[in-house]
Amino acid sequence: MTQIGFIGLGIMGKPMAKNLLKAGYGLAVYDVAESAVQEVAKCGARAADSIADAVKDAQVVITMLPNSPHVKTVMLSEEGVLAHAKEGTIVVDMSSISPIASKEVAQECTKKKIAFLDAPVSGGEPKAVEGTLAIMVGGDADAFEKVHDILLKMGSSAVLVGEVGSGNVTKLANQIIVALNIAAMSEAMVLAKKSGVDPEKVYHAIRGGLAGSTVLDAKMPMVLDGNFNPGFRIELHIKDLQNALDCAHSVNSPIPLTAEVMEIMQGLRAAGMQANDHDAIIRHYETLAGVQVRRED
Ligand code: NAD
């Protein structure tokens, strides 16, 4: 059975690692947070005490880290994955990072005859726990085929989109669509409220038509409940939109609406709401119009 080194046991990495253990894979796990390592070790993983220890016997290394600088440190530093993994290892970085960084890391991997796939996910913690994430992958087709079964223990789909970096370009597209959908929903529902029409009735009237969406169905009930608990935090979405802006500027593809929603999120962060769910975008519109979109009795 394939031996896997798993690095990064946060909100997402922990349940993903547990699903691989349930499927019978041998796992060595590492995180700078010792408590996270111990929790996953209780489910049958070997607790590694360093990156080197996690990857030395692995055929596949999976990373699930916050952002590009963390991935570069874990992969490229003196104590990192590339310094200790065997030739022929396949590294699958499932973090949401800049596609530019993915390509840089992949280049270094090639020099060491290590394959690198960027494979970010969509679905959040509930789908990570269920093992039903949507996984979008960039990189070499042979390497993808070799890890496909492993990916399907963490997700319900894993699609090879193109060369290295394509996985993260796909994830950025996903994050742009989600952010702009929440902003559109917020603008429309605050208008309804200010016009004296019950936003909950508006939601039920339109959700089956062209304006209906997964985002609308996920976020509108939360807003009506006044529930701004994450979910997906504003500060993580800011990270993704910054990566989207950097990527867009590097290929001369302006994304003006993304820039606008980014500034709304920056305003929410300045007001101390960075740890709120991204449905808190509506609070910006509520402040502008002086109303609240909540369930009416
Ligand atoms: P998290 O902050 O909960 O977990 C990251 C983990 O990485 C932490 O346990 C941290 O200790 C560890 N880490 C950081 N630097 C390290 C290092 N140098 N060595 C070892 N471990 C290190 O983040 P998360 O919510 O699990 O998200 C991980 C990635 O998945 C992010 O890129 C995020 O954008 C993406 N993502 C998150 C969600 C979500 O809903 N939370 C959904 C989809 C995608």
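May I ask you to list the residues in region 113-136 that are aliphatic (A, V, I, L, M) and within 13 Å of the chain's Cα centre (by Cα)? Ala119, Val121, Ala128, Leu133, Ala134, Ile135, Met136, listed by residue number.
Condition check ((1) over 23 Å from the mean Cα position of the chain (by Cα); (2) farther than 30 Å from Pro69 by Cα; (3) in contact (Cβ under 8 Å) with a residue 24 or more places away in the chain) across all residues:
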position: Glu187; (1), (2), (3): yes, yes, yes
position: Asp198; (1), (2), (3): yes, yes, yes
position: Ala211; (1), (2), (3): yes, yes, no
position: Asp217; (1), (2), (3): no, yes, no
position: Leu224; (1), (2), (3): yes, yes, yes
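Residues in region 28-41 that are part of a helix (DSSP H, G or I) and touching a residue at least 12 places away in the same chain (Cβ under 8 Å): Ala36, Val37, Glu39, Val40, Ala41.
Listed residues Gly124, Gly13; which is small (Gly, Ala, Ser) and at pLDDT 95 or above? Residue meeting the stated conditions: Gly13. Taking the conditions (1) under 16 Å from Ile177 (Cα atoms); (2) surrounded by fewer than 14 Cβ atoms within 10 Å (Cβ to Cβ) in turn, Val251 satisfies each one other than (1).
For region 94-113, filtering for residues that are away from the ligand (no atom under 13 Å from the Cβ) and either polar (S, T, N, Q) or not in a helix (DSSP H, G or I) (or both) leaves 4. Among the residues making up region 42-81, those that are assigned to a helix (DSSP H, G or I), surrounded by fewer than 22 Cβ atoms within 10 Å (Cβ to Cβ) and under 24 Å from the mean Cα position of the chain (by Cα) are Pro69, His70, Lys72, Thr73, Leu76.
Once region 211-237 is narrowed to residues that are surrounded by fewer than 19 Cβ atoms within 10 Å (Cβ to Cβ) and of a type in the set (Val, Ile, Thr), the residue that is farthest from Gln292 (Cα to Cα) is Thr214. Select from region 138-151 the residues that are surrounded by 15 or more Cβ atoms within 10 Å (Cβ to Cβ) and either outside the structural domain of Gly24 (by the TED database) or over 26 Å from Ser250 (Cβ atoms) (or both) and list them in ascending order. Selection gives Lys146, Val147, Ile150, Leu151.
The residues of region 133-154 that are closer than 20 Å to Lys22 by Cα, aliphatic (A, V, I, L, M), away from the ligand (no atom under 16 Å from the Cβ) and assigned to a helix (DSSP H, G or I), listed by number, are Val147, Ile150. Working only within region 50-74, note down all residues that are among the hydrophobic types (A, V, I, L, M, F, W, C), free of Cβ contacts under 8 Å to residues at least 60 places away in the same chain and near the ligand (Cβ under 10 Å from one of its atoms). Residues satisfying the conditions are Ile51, Ala54, Met64, Leu65, Val71.
For region 114-132, residues that are small (Gly, Ala, Ser), part of a helix (DSSP H, G or I) and surrounded by fewer than 19 Cβ atoms within 10 Å (Cβ to Cβ) total 1. When region 150-173 is filtered for residues that are among the polar types (S, T, N, Q) and under 13 Å from the mean Cα position of the chain (by Cα), the ones remaining, listed by number, are Asn168, Thr170.
The values are calculated or read from the model by the stated rules, or taken from the named source; none is laboratory data. Here the structure is a predicted model, which is why all the values come from computation and not from measurement. Virtual Cβ from ideal backbone geometry, glycine too; neighbours counted across all protein chains shown.
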